[in-house]
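The values are calculated or read from the model by the stated rules, or taken from the named source; none is laboratory data. Predicted, not measured: the structure shown is a model, and the values here were computed from it. Methodologically, a virtual Cβ is constructed for each residue, glycine included, from the backbone with ideal geometry; neighbour enumeration extends over all protein chains shown.
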Amino acid sequence: MSEPAVRRVLPADAEAVTRLIERAIRISTAGVYPAEAVEAWATGRTAEAVRAMIEVTDGFVATAGKAVVGWANLDGDEVDQLYVDPDAGGQGVARRLYETIEALARANGLDQLRAVASLRAEPAFRRFGFREVGTDQVAFNGLPFTVVRMAKHLDRPLPDQAVVRDGRGRDVAGHGVKSRRNEMPIPLFPPSRTSPWGSVVT
């Protein structure tokens, strides 16, 4: 697969993002959580809920041709979602999406990022520079999951450090891409406004 293009997510992407999330959870977390928990997680959202999340958070998709192969969003100072299609795993898609999110966070003046990572996603967040703050048992769609609370301190960027370009060399986190909200960092680990948790990285 060629280098993915990263762009701002659109409400019209909601169904594709929903399918991506379900596929990533079912395939990538098999054996990490019990089968009934994986299914509860995979089916725990609708395209309408994903569309609503797209409209109120800063989200991006990675595309290969016309296919959506990755999705991530920033909700305040939280990397709220990070999913990659299993067929696109190991090709840098998750890192491209994460770097876009971090660049936007820096451009917004945030001094930290936090994430509530699944056991499958926790190693990737460590590679991105996050540290473990603690573990929790959370309920999602009626079943319990062990998750890892993580955080990363962001140094103040130099003026040219907040530029992340897509596969065509276009700046997707600076010029022409603005945060939907202008707010100060919120306290560490309040409940997400959009979802209890959700990160699967392949």
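For region 70-84, filtered to residues that are over 17 Å from Glu122 (Cα atoms) and acidic (Asp, Glu), the residue that is surrounded by the most Cβ atoms within 10 Å (Cβ to Cβ) is Asp77. A single member of Glu15, Glu48 is assigned to a helix (DSSP H, G or I), farther than 17 Å from Asn141 by Cα and not aliphatic (A, V, I, L, M), and it is Glu15.
Just one of the listed residues (Val50, Val17, Val38) is among the β-branched types (Val, Ile, Thr) and in contact (Cβ under 8 Å) with a residue 40 or more places away in the chain, namely Val17. Filtering region 91-106 to residues that are out of contact with any Ser or Thr (no Cβ under 7 Å at 6 or more places or on another chain) and either in a loop (DSSP other than H, G, I, E, B) or over 11 Å from Ala62 (Cα atoms) (or both) leaves Gln91, Gly92, Glu99, Ile101, Glu102, Ala103, Ala105, Arg106. The set of residues from region 42-62 being surrounded by 16 or more Cβ atoms within 10 Å (Cβ to Cβ), at pLDDT 95 or above and not basic (Lys, Arg) comprises Val50, Met53, Ile54, Thr57, Asp58, Gly59, Phe60, Val61, Ala62.
Filter region 107-144 down to the residues that are buried (at least 18 other Cβ atoms within 10 Å of the Cβ), more than 15 Å from the chain's Cα centre (by Cα) and in a loop (DSSP other than H, G, I, E, B) and list them by number. Residues satisfying the conditions are Asn108, Leu110.
Condition check for Glu102 on (1) modelled with pLDDT of 85 or more; (2) buried (at least 16 other Cβ atoms within 10 Å of the Cβ); (3) closer than 20 Å to Val32 by Cβ: one failure, at (3).
In summary, Val147 fulfils each of the numbered conditions (1) under 21 Å from Gly31 (Cα atoms); (2) surrounded by fewer than 21 Cβ atoms within 10 Å (Cβ to Cβ); (3) of a type outside the set (Gly, Ala, Ser) with the single exception of condition (2).
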